[in-house]
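Take a look at the structure set out below.
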Amino acid sequence: MRSDNFTKILTCTLFACFLVGHSQTTKKSKKKPNILFCIADDASMKSFGAYGDTFINTPAIDKLAKEGLTFNNAYNCNPKCAPARACIVTGMYSWQLEEATNHYPKFPAKFKFYPHLLMEKGYEVGLTGKGWGPGEYEGEHNPAGPLYNDIKLKPPHKGISNVDYAANFEKFLADKNNDKPFCFWLGTKEPHRFYELDSWKKEGKKLGDAKVPPFYPDNVTVRGDILDYAVEVEWFDTHVGKAIKSLEKRGLLENTIVVISSDHGMPFPRVKGQIYEEGFHVPLIVYWKGKVKAGRSVEDFVSFPDIAPTIMELAGFKPHKQMTGKSFKNSICSNKSGIVDKSRDHVLLGKERHDIGRSNEDGVNLSYPVRAIRTTEFLYVHNIKPERWPAGNPEFDFRNVDGSPTKTFLTSIKPESQEYRFYSLSFGKRLEEELYDMKKDPHCMVNLAYHPNYKKTCQTLRTQMEKELTEQGDPRTLGKGAIFDQYPYYGKQFNYETGESMGFKKKKH
């Protein structure tokens, strides 16, 4: 009798333990993933070892790529800080964002932001460094989330921010509710200008190591500028590495999706803010231990508007109805490399007004409107107002290009010089149409648009591009593009009589 009772008690106990264990396993399996989104400010895709760089050291990011997934065809939709970041947080194409299509805008309150949506759904959300911006927004928090910038450090070089990004992330982890998943935006200011001149020397770098793109002259000035830039890219990598260690220390890395990117290419002439490959082709690395097969490399075309719906789906929620981008969750969770989704064979790109400093008889503070389509083979560009200066007016110091030793050198080249073509490539006016063979000419040096053999290619790509833009309600394509010139500019204003602003004066040309 006692033996029977003992057997019954033991059986019940084991069954109860099974139920508890099963419940805990089920609860664990249903636990929402954490999300750490790390974004550099002005870092070119080719500046990371994961994408073939050999002179900039990015070991933390390269390790994430090796153990995760690298997207080889990720694009930002609009290659300037505020509009590119606006596409990320809203999941919408740049030309759909009204004022937020421009740089230094006021972000319309009507739009929803994925960090805020996740906050409403129970996520702990935070931001350190640079979130969305520059510009104005309504509400208590930046579109990227509540700010954690209190912890400072002594930067190793002038020009590097004193915000300790990794330490602020650590504070966020310490303060947050451990029962809640988190979504954190780690946005470094680096490698945005300005740089400490010759900081590369303090870091032991060598001029011979720098790689100079073919659209610049290869000289000491340009090489030194590129190496100063490299120092700040490495600073971004340092903080990514520290953030990963914080996750490991707390046992959180296993259930955290880590995303690495940059808003656009390096802050050099013909790159940042321009519709050429290095300006809009961005890094995109996704690490998710146990969920993303290590070492994969995907060729699918993805764009910044696709990020918000992807994050929403990875977190287990439906994308918000405003999001016009398309989730690439399937590309992330697949075990395949190469082409995963055959429909992802192109992206659309565009720009309106970036920084002011452009004027003609039509007015002041004008945009340089462009729409483009990038496919596997070609980049087709439509410069809608080719009579305007793409880099800003020369008498206003080409304000749409950040000041730098490289810019100073290029703008000092005289028309009679053999190197004057480098000046023209960065600052000269452009033809209405441009077409580049991206397999043969990745630096966009030879415009094929007016070659008779490529007339049909231009027509086909322009028709496809404008059809999609019309479907998306692009005001510029619908003949209402003047609205982008009329939106207020919220940065430092410009005196067109004296040309005085941002440290320069009107020049005679």
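The values are calculated or read from the model by the stated rules, or taken from the named source; none is laboratory data. None of these values were measured; they are calculated from a predicted model. Counting neighbours? That spans all protein chains shown, and the Cβs are built from the backbone with ideal geometry, glycine included. Surface accessibility is based on the protein's heavy atoms, side chains included, excluding ligands, DNA and RNA. Shrake-Rupley method; radii C 1.70, N 1.55, O 1.52, S 1.80 Å.
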Exercise. Using a 1.4 Å probe over the heavy atoms of the protein chains, calculate the carbon and sulfur portion of the accessible area of the chain as a whole percent.
Key: 53 percent
Quiz item: To the nearest Å, what is the center-to-center distance of the stretch 348-365 and the stretch 101-133, using C-alpha atoms only?
Solution: 25 Å
Quiz prompt | Estimated FRET transfer efficiency (Glu468, Glu395; beta-carbon r; R0 30 Å; 0.05) | solution = 0.20
Quiz prompt | Dipole magnitude of the chain, debye to nearest 20 (Cβ charges: Lys/Arg +1, Asp/Glu -1, about Cα centre) | solution = 1280 debye
Quiz item: Quick one: accessible area per residue over the chain, 1.4 Å probe, rounded to a whole number of Å²?
Solution: 44 Å²
Quiz prompt | Peptides 357-367, 147-157 ordered by average Cβ neighbours within 10 Å, highest first | solution = 357-367, 147-157
Exercise. Using 0.36 nm per residue of separation minus the Cα-Cα distance, give me the extension gain between Thr54 and Thr375 in nm, one decimal.
Key: 112.9 nm
Quiz item: Ignoring ligands and nucleic acids, what accessible area does Lys180 show with a 1.4 Å probe (Å², nearest 10)?
Solution: 80 Å²
Quiz item: In nm, to one decimal, how far is the Ala294 label point from the Val220 one, both placed 7 Å along Cα→Cβ?
Solution: 4.6 nm
Practice problem: For the stretch 404-421, just list the computed ³J(HN,Hα) in residue order, Karplus coefficients 6.51, -1.76 and 1.60, θ = phi - 60°, integers in Hz, with x standing in for Gly and Pro. | Solution: 5, x, 5, 4, 4, 5, 5, 6, 8, 5, 7, x, 7, 6, 5, 8, 4, 4
Practice problem: For Glu136, enumerate residues with amide H under 5 Å from its amide H, sequence gap 5+ or separate chain, H modeled in the peptide plane. | Solution: Lys106, Phe107
Quiz item: Rounded to the nearest 0.05, what FRET efficiency is calculated for Asn447 and Lys206 with R0 set to 35 Å and r the Cβ-Cβ distance?
Solution: 0.50
Quiz item: For the stretch 204-335, how big is Rg over Rh, using alpha carbon atoms and the Kirkwood form of Rh?
Solution: 1.03
Quiz prompt | Spherically averaged projected area in nm², based on the convex hull that wraps the Cα atoms of the stretch 343-385 | solution = 3.5 nm²
Quiz item: What shape does the stretch 99-171 take by its C-alpha gyration tensor, where a ≥ b ≥ c are the square roots of the eigenvalues and a/c under 1.5 counts as rounded, a/b above b/c as prolate, and the rest as oblate?
Solution: oblate
Quiz item: Amide H to amide H under 5 Å from Asn400: which residues, 5+ apart in sequence or cross-chain, H placed 1.01 Å off N in plane?
Solution: Gly392
Exercise. Using only Cα atoms, tell me the angle between helix 81-90 and the longest principal axis of the chain; keep it within 0 to 90° and round to the nearest 10.
Key: 30 degrees
Exercise. Scan the stretch 27-69 for trypsin sites (Lys or Arg not before Pro) in coil per DSSP, keeping those whose Cβ has at most 13 other Cβ atoms within 10 Å, and list them by number.
Key: Lys30, Lys31
Quiz item: Summing -39500 (n - 2.57) over the DSSP H runs of n ≥ 4 in the chain and dividing by its residue number, what mean residue ellipticity at 222 nm do you reach, to the nearest 500 deg cm²/dmol?
Solution: -9000 deg cm²/dmol
Quiz item: Taking a temperature of 4 °C and a viscosity of 1.567 mPa s, what whole-number D in µm²/s does Stokes-Einstein yield for the stretch 48-154 with Rh from Kirkwood over alpha carbon pairs?
Solution: 82 µm²/s
Quiz prompt | Using alpha-carbon coordinates, inclination of helix 455-471 to the longest axis of the chain, degrees | solution = 50 degrees
Practice problem: Report, in whole Å, the centroid distance computed from the Cα atoms of the stretch 414-429 and the stretch 251-292. | Solution: 32 Å
Exercise. Note the angle between two axes, namely the Cα long axis of helix 165-175 and the longest principal axis of the Cα atoms of the chain, as a number of degrees from 0 to 90, rounded to the nearest 10.
Key: 30 degrees
Quiz item: Cα centroid distance between the stretch 46-73 and the stretch 183-231, in Å?
Solution: 17 Å
Quiz item: So how exposed is Ser303, as accessible area in Å² (1.4 Å probe, rounded to 10)?
Solution: 10 Å²
